[in-house]
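S.K.: Next up is a structure, given as C-alpha cells.
The values are calculated or read from the model by the stated rules, or taken from the named source; none is laboratory data. Source: prediction; values computed, not measured. Cβ atoms come from the backbone with ideal geometry, glycine included; neighbour counts cover every protein chain shown. Accessible surface areas use protein heavy atoms only, side chains included; no ligands, DNA or RNA. Shrake-Rupley method; radii C 1.70, N 1.55, O 1.52, S 1.80 Å.
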Amino acid sequence: MHALRLALTDPRFPAAAAPGALTAQSGARPALTRALSGARTAPGAADDLPGTLADALDADGVAVHRPQLGTLVATVPTDAGARHAARAAVEAVDDEAVRLRSAVKAHDGFFTTFFISPYSRYIARWCARRGLTPNQVTTASLLTALIAAGCAATGERGGYVAAGVLLLVSFVLDCTDGQLARYALKYSTMGAWLDATFDRAKEYAFYAGLALGAARDGDDVWALALGAMVLMTCRHVVDFSFNEANHDATANTSPTAALSGRLDSLGWTVWARRMIILPIGERWAMIAVLTAVTSPRIVFWALIVGCAFGACYTTAGRVLRSLTRKAKRTDRAARALADLADSGPLARIASRLLGRSGLQLLPGVVAAFAGTGALIAAVLGRPFGDGGTVVAAGLYVLFAGVAVTRPLKGALDWLVPPLFRAAEYTTVLVLAARSDSPGALPAAFGLVAAVAYHHYDTVYRIRGGTGAPPAWLVRVTGGHEGRTLLVTVLAALLAGRGDDFTLALTALAVAVALVVLVESIRFWVSAGAPAVHDEGETA
C-alpha cells in the first residue's frame, strides 16, 4: 500500500513503475479517474487514499470488499512518530489469539457458537501442530457419522444412545475441519467439495440408519425419513436459488430488508432468528438428543415440523422481500437459476414447441407452479398406477418447458428450482408409499438421495464459479421432468407388481448415482476449480 501511495502521489514515482499500482488509463471509469487526479492535487486527499479509491469505485458501481480488521493493525505512517506508534500497535497484537479467533466462522448458529466453537478451535490447533489436514478431519467426521448410523440401525436403546453421542462427535469434527483450514490457511478445492458433500451424506445416512433401526422394532418410518430428506433438500434449494438470484442484483433493497437489519441490531434477535430456522448445529443437536432418549418416529416428526416451520419462515420473508424491492437481476443470475432448474431434453423440446404460443407469456414461476400443482394433485388424488398420473406428468413436462422459455429474471423466478425439486421428489415419495411392496420406499430413498446429490453438486459448482455440470450429464440423467415422467410411467406399467416397481426404482437409483458420482469426482479432482471457504471470525 505504501508503494501504491507513492506511485499515485509523488511526482518522482511514475505510476506505471510501481508493481501492482492502479493507473488511470484512457477509458478508465470516470469517478476513479477523478479520484486519482484529486489524490495528486487536493491537500490531504492522499492521507486516506484507499478510502477515496473505494468510494470512487462504489460510485461507478464496482463491488468493493471492505474487510473488518478488528484487532489487526493496518496503517500508512507518514513520519517517524507514526511509524513508531504503528510498530508498537503491531507488536501488541497477540497473533496466536487472533489465529484462534479467526478460525471460527463469522456467522454461525447459537449451538455451534456457544457449545462447539469454544473448544473445537483448540482441537483444530492440536490437529495443525500434528500435521493433520482438514481433509483428514473431514473424513474422520464422515466415518464417525456412518458408525453412528450403524449404531442407530441396531434398533436397541444402547445403540440409539451411542448413535446420539457419535453424531455430536461427528459434528464437532465437522466444525473442526473448517476451523483447521482457517487456522492453518489450508484451503483446497477438494476440501471444499468434501466438506459440502459429506455433510449431506452424513445426515441422510443417519436418516437411513434410524429407519432401519425402527424397522427392527416393527415400526416402518421410511416414508418419514424420505419426507425429512425431501423437505431438507427443497429448503436448501430455496436458500441457494434466492441467494444466486440476488447476490449481484442492482437496486436490491426493500422495507423488509431494512427491518431485518434493525432486528439484527438488537442483539438477542440475531440468535433467535438463527435458531428458529433450525440450522445444522441446532438440527443435529436435536436429532442426537431425541435419538438417545426417544424413538425414530419422534425424531422424524420433530425434524419435519421444525424444518417445515423454518422453511415457511424464511420462504415467506424472501417472497415478501422480493415483492417489495425493485431489483434488476443480471444475465448471470438468470443463467444460474436455469442451471439450478436442471431442465432436461424434454423440457427443451417443449420450450421450442410452445415458444410461439401464448403460454410463453407466462412468468416462469407461474408456469412452474401450475405444472407442480397439477402433478402433485394428481399423484395425491389418484390411485397408484392410474393413467391420469401419467397425463399430469406430461402436462408437467410442458409447463416445465414454458417455465424456462424466457430468462428467469422475474421477482419470484427464484422459486422455479425449488418448485421443480418439490414436484420430482414428492412424486417419487408418494408413488413409493402407495406401492404394495415394502421395499419401494427404501428404493425411493436411494433414488432421491442420488438425484439430490446431483442437485447439490450443481449448487457447489455454481458457487465456486465453475458453472453448472456439463450438458451431456443433464441429458443422460433426463432432467427433472424426464425422471418424473419415467417414474410415473413405471408406476402405471407395474401397477399390481410392487416388487417389480421396487426393482425399477432401485435400478434407476443405481444408474443415476453411478453417472453423477463418477462425473462429479472426476471434475472436482481434476478441474482445478477455485477453493470455496467461509470467512472466519473478525480478528
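S.K.: Once phi is turned into θ = phi - 60°, what whole-Hz ³J(HN,Hα) does the Karplus curve with 6.51, -1.76 and 1.60 give for every residue of the stretch 159-176, x standing for Gly and Pro?
M.R.: Running phi through 6.51 cos²θ - 1.76 cosθ + 1.60 with θ = phi - 60° gives x, 5, 5, 4, 5, x, 5, 5, 5, 5, 4, 4, 5, 4, 5, 5, 6, 5 Hz.
S.K.: Please report the net charge: other residues with Cβ closer than 11 Å to the Cβ of ARG348, K and R +1, D and E -1.
M.R.: Details: positive: ARG352, ARG475; negative: GLU481.
Here the charged neighbours net out to +1.
S.K.: Another question, then. Less than 12 Å Cβ to Cβ from ASN135, Lys/Arg counted +1 and Asp/Glu -1: what total charge do the surrounding residues give?
M.R.: Surrounding charge for ASN135 is -1.
S.K.: Quick check on the stretch 451-496: take the gyration tensor over C-alpha atoms, sort the square-rooted eigenvalues as a ≥ b ≥ c, and tell me if it's rounded (a/c under 1.5), prolate or oblate.
M.R.: Verdict is prolate for the stretch 451-496.
S.K.: Let me ask another. Would you kindly state how much longer the chain becomes between ARG382 and TRP472 on full extension, computed as 0.36 nm times their sequence separation minus their alpha carbon distance, in nm to one decimal? Walk me through the numbers on the way to the answer.
M.R.: Numbers: separation 90, 0.36 × 90 = 32.40 nm, distance 3.45 nm.
Roughly 29.0 nm would be gained on extension.
S.K.: Next up: Near the amide H of LYS105, under 5 Å away, which other amide H atoms are found, from residues 5 or more places off or on another chain, if H is placed in the peptide plane?
M.R.: GLU537
S.K.: Let me ask something additional. Between the stretch 386-431 and the stretch 453-483, what's the alpha-carbon centroid distance in Å?
M.R.: Going from one Cα centre to the other spans 16 Å.
S.K.: Separate question: Hey, how many Å between the Cα centroid of the stretch 149-171 and the Cα centroid of the stretch 488-505?
M.R.: First find each Cα centre; the distance between them is then 34 Å.
S.K.: When you count, for each residue, the other Cβ atoms within 10 Å and take the mean per peptide, how do 110-122, 390-402 rank with the highest first? Present the calculation step by step, with values, prior to reporting the outcome.
M.R.: Numbers: 110-122: 18.1, 390-402: 23.2.
In decreasing order of mean packing, 110-122, 390-402 become 390-402, 110-122.
S.K.: Using alpha-carbon positions, what is the distance between the centroids of the stretch 79-121 and the stretch 285-334, in Å?
M.R.: Using only Cα atoms to place each centre, the spacing works out to 32 Å.
S.K.: Cross-link partners among lysines for LYS409, C-alpha distance below 27 Å, same-chain residues fewer than 8 apart left out?
M.R.: Partners found: LYS326, LYS328.
S.K.: With a ≥ b ≥ c taken as the square roots of the eigenvalues of the C-alpha gyration tensor of the stretch 385-453, please select rounded if a/c is under 1.5 and otherwise prolate if a/b is larger than b/c or oblate if it is not?
M.R.: On the way: a/c = 3.51, a/b = 1.71, b/c = 2.05.
Note, shape of the stretch 385-453 comes out oblate.
S.K.: Relative contact order for the stretch 75-210 using alpha-carbon pairs under 8 Å, separation at least 6, rounded to a whole percent?
M.R.: RCO, the stretch 75-210: 32 percent.
S.K.: Here's a follow-up. Return the long-range amide H neighbours of GLY464 (sequence gap of 5 or more, or a different chain), with a cut-off of under 5 Å between placed amide H atoms.
M.R.: Long-range HN contacts for GLY464: none found.
S.K.: Taking square-rooted eigenvalues a ≥ b ≥ c of the alpha carbon gyration tensor, is the stretch 267-415 rounded, prolate or oblate, where a/c under 1.5 means rounded and, failing that, a/b exceeding b/c means prolate? Display every interim value, and only then the final one.
M.R.: Working: a/c = 2.88, a/b = 1.44, b/c = 2.01.
Note, shape of the stretch 267-415 comes out oblate.
S.K.: Top to bottom by accessible area (1.4 Å), largest first, where do ILE147, ILE276, ILE287, ILE376 land? Write out the running numbers ahead of the final one.
M.R.: On the way: ILE147 100, ILE276 70, ILE287 5, ILE376 40 Å².
Largest to smallest exposure gives the sequence ILE147, ILE276, ILE376, ILE287.
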